[in-house]
Amino acid sequence: MAGWTRHQGLGVGLPFENIDTDQLIPARFMSAPRSEGYGKFLLHDLRHDGDGAAIPDFPLDDPAATGASILVARRNFGGGSSREAAVYALVDGGFRVVIAPSFGDIFAGNAVNNGLLPARVTEADADALLAAMPGDLAIDLDRCTVTAGNVVIDFEIDPVWRTKLINGWDDIDLTRAHEREIRDFIAARRAARPWAWPREVGA
Amino acid sequence: MSAPLTLFDKIWQAHEIHAREDGASLLFVDRHFVHEGSHHAFRKLAERGQGVAQPDLTFGVADHYVPTRGRGKDHAATTIADPAIARMVSTLEENAGKHGFRLFGLDDPRQGIVHVVGPEQGLTLPGLVINCGDSHTSTHGAFGAFGFGIGATEVAHVLATQTIWQKKPARMRIRFEGKLAPGVAAKDMALAWIARLGTDGGRGAAIEYAGSAVRALSMEGRMTLCNLSIEGGARCGMVAPDATTFAYLEDRPFAPQGTAREQALADWAELVSDPDATFEREVVIDAQDIAPIVTWGTSPEDALPITESVPDPARAGSASEAERIRAALDYMDLRPGMKLSEIAVDQVFIGSCTNARIEDLRAAAAVLAGRRAQVPGLVSPGSSLVKAQAEAEGLDRIFTEAGLEWVAAGCSMCVGMNGDIVAPGKRCASTTNRNFRGRQGPGARTHLMSPIMVAAAAVTGHLADVRPMLAGRL
């Protein structure tokens, strides 16, 4: 995964609270292999009616929002199911950043693991940004700012996640450096707390 | 003297392999549960040419996609009619075979929902760190374990290393003091706090549930309470283990026995928050004030006592809240101000990792016994062992005689992945965990509530206060 520090792109507003991961990608699409591309599943049931026809005036389908890479939403974005497919749908749909007042905990971690920035702003700043969408935005991960025209808004992100996004770190690679510590830890734990291992049970 | 610690801190300390300067810690994972939905993670592993580091600590369960009908003793994945679903189940079987971990597959008598099977088999123990690529892994916290859901990238990491990177979450305690009124259950406790604090009220926190009403809960009740922690945005929920926990674990197949159990009991006795331990946030809820609760909207925070009315967006605190209520009522096809007990339902569902354990089925059956459901419904026990137990007790007959369908174990209509769905526009009273738009199927309308409240809805054909129906039954 490539790291990044600055991103300029078109922002689009999704002015709803509680956009859960079931909305981001309905469960029935998740058996598809990722190689198919998950962008077409993004917010599928909010964007389409029961017959599969596009719902008019859906913000993401506004021609002025074509090519958007930054999504602005309201509180509790990405709550619910741990499905990383919700992040795949956003990333495959061209998004690099989601800006909202709060995020589902597991979603935010999944986002960072896929190079997608979950940027936390105040409710007031989210409202102000939503009013300016669609529109161009500039994100600076070094300074933790969103710039819209001549307005600069600060966003928050956990420092661990910020570092990871900037460096494009892969956790499995990082953990390799600790292989010996892990081995020693397991041996010590097994000796001190043998009960923590499952009892041997036949097939 | 060392600083006082919370229960959570003690488990964290015991699992910390490495603490990085930036605040991330590498934790050891004692149990890793995988299911059909873990296919993305296994693919990542294959792409890197890596194997499973600790297959003895990895357990597979077929639950998310499994059919609940037409399952016999010799039902292999290859006999599932829908090819996409069959592929999901057989991929899990292939990965279990290839990597050498134990699988509670479709034809295993212990198969069921992962968060029911783990505790039932004694794989879930106090003081463990438990991961699964499923948000309701918080359920396992009922035993005083740190159980939390993870995404596919993290599942691949745990498979490859048996560890996980974590930032220490804020500690939060929710104390339920006093005694629950008759007809009020763990589900109502959970919905009560989520309604009060909101779906992001516990955001990222490690919640410890405490207080006399929590101590009085059975393990089943504690699992329901911890299960729903994620719906309040928490990383995990936990209850300090006690005599109730230790009794539950006695003679569970994978749980320690003999001297190992004696040693475990000594270690588990330490798993309590020290008297002076500090929590970043503490909330106290009066247990006797909690009434049976139902949800009216499209988020678990949209929950009210059954005696109340559907909220009016005109009386909302902010414009965005008004907009959210309006959108929810529009989706749910409800009028502001109508009594919740006037909402007619089309069907009911009793099942899921939240409320499909034996005690849940017994409670629902107690209300349904000798009564007739006014609407159709599905009852899917949490595991094949729960199913067998319920049948031994004759509960299946109570459900079927009431007119409900008794099916096999799986995630079923909670998430609709196996094809058990609520039809568009239909309204379902459900013991599940999410009333999100489309959760139970595109266009489905879900009302969350406890098993006895679902039974009351079945019998009356509308959302109803179960309390008057309980006389002489519970």
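Sorted by packing (mean other beta-carbon atoms within 10 Å per residue), highest first, where do B:53-63, A:45-55, B:415-425 land? Walk me through the numbers on the way to the answer.
Numbers: B:53-63: 22.6, A:45-55: 12.1, B:415-425: 20.2.
With the highest mean Cβ count within 10 Å placed first, the list reads B:53-63, B:415-425, A:45-55.
Over all directions, what mean area does the Cα convex hull of segment B:279-410 project, stated in square nanometres? Can you show the working numbers first?
Working: hull surface 44.3 nm².
Average of the hull's projected areas for segment B:279-410 equals 11.1 nm².
Shown in residue order for segment B:451-463 are the 3J(HN,Hα) couplings computed by the Karplus curve 6.51 cos²θ - 1.76 cosθ + 1.60 at θ = phi - 60°: x, 6, 6, 5, 4, 5, 5, 5, 5, 9, x, 8, 4 Hz (x for Gly and Pro).
What does the average come to when, for each residue of peptide B:436-443, you count the partner chain Cβ atoms lying within 10 Å of its Cβ? The partial results should precede the final answer.
Numbers: counts 10, 8, 9, 7, 2, 3, 7, 3.
Taking the mean over all residues of the peptide, I get 6.
Straight-line reach only, C-alpha to C-alpha below 16 angstrom: list the aspartates and glutamates that residue B:179 could link to, leaving out same-chain residues fewer than 8 apart. Counting by Cα, and skipping residues close in sequence, residue B:179 has these aspartates and glutamates nearby: B:188, B:286, B:289. Fewest neighbouring Cβ atoms within 10 Å first, the residues A:180, A:74 line up as A:180, A:74.
Both radii were evaluated on the Cα set of segment B:129-284; the Rg over Rh quotient, with Rh as the Kirkwood radius, amounts to 0.97.
Taken about its Cα centre, chain B carries a charge dipole of roughly 740 debye when the Cβ of each Lys and Arg holds +1 and the Cβ of each Asp and Glu holds -1.
Taking max minus min of the alpha-carbon positions on each principal axis, segment B:339-474 gives extents of 36, 35, 21 Å, largest first.
Each of B:189, B:88 was scored by other Cβ atoms within 10 Å of its Cβ. Listed from fewest to most, they are B:88, B:189.
How big, on average over all directions, is the shadow cast by the Cα convex hull of chain A, in nm²?
Orientation-averaged projected area of the Cα hull: 15.4 nm².
With the convex hull drawn over the C-alpha atoms of segment A:1-87, the volume per residue is 131 Å³.
Remark: mean inter-chain Cβ contacts per residue of B:155-168 equal 4, using a 10 Å Cβ-Cβ cutoff to other protein chain atoms. For segment B:7-166, averaging the sequence separation of C-alpha pairs within contact (under 8 Å, six or more residues apart) and dividing by the residue count gives a relative contact order of 32 percent.
With contacts taken as Cα pairs under 8 Å and at least 6 residues apart, segment B:293-469 reaches a relative contact order of 27 percent.
With Cα atoms as the point set, the radius of gyration and Dmax of segment A:98-145 evaluate to 11.4, 30 Å. As a ratio to 2.2 N^0.38 Å, the alpha-carbon radius of gyration computed for segment B:2-126 takes the value 1.28.
Label point of residue A:200 set 7 angstrom out along Cα-Cβ; within segment B:87-102, amide nitrogens under 18 Å from it belong to B:101-102.
Where q = 0.08, 0.09, 0.11, 0.12 Å⁻¹, what log10 of I(q)/I(0) comes from the Debye formula for chain B, counting one point per Cα? Taken in order of the listed q values, log10 I(q)/I(0) reads -0.45, -0.57, -0.87, -1.05.
Taking 25 Å as the straight-line reach from the Cα of residue B:387, the lysines in range (excluding those fewer than 8 positions away in the same chain) are B:73, B:187.
Under the criterion of Cα pairs below 8 Å and six or more residues apart, the relative contact order for chain A equals 26 percent.
Hey, for a label at residue B:392 modelled as a point 7 Å past Cα toward Cβ, could you say which residues of segment B:248-272 have their backbone N under 14 Å away? Residues B:252-253 qualify, since their backbone N sits under 14 Å from the label point. Mean per-residue shielding of peptide A:155-161 is 3, counting Cβ atoms of other chains within 10 Å of each Cβ.
The shape of segment A:97-201 can be summarised by an equivalent ellipsoid whose semi-axes, obtained from the alpha carbon gyration tensor, come to 42, 16, 10 Å from longest to shortest. Remark: B:223, B:449, A:1, B:469 ranked as A:1, B:469, B:449, B:223, counting other beta-carbon atoms within 10 Å and listing the fewest first. In angstrom, the C-alpha Rg and Dmax of the protein assembly as shown are 23.7, 71. Note on segment B:269-318: semi-axes of the ellipsoid equivalent to its C-alpha gyration tensor, largest first and rounded to whole Å, are 34, 15, 11.
Values quoted throughout were computed directly from the atomic coordinates according to the rules given, and no laboratory measurement underlies them. This structure is a prediction, so every number in the text was calculated from the model and none was measured. Please note: Cβ atoms are built from the backbone with ideal geometry, for glycine as well, and neighbour counts cover all protein chains shown.
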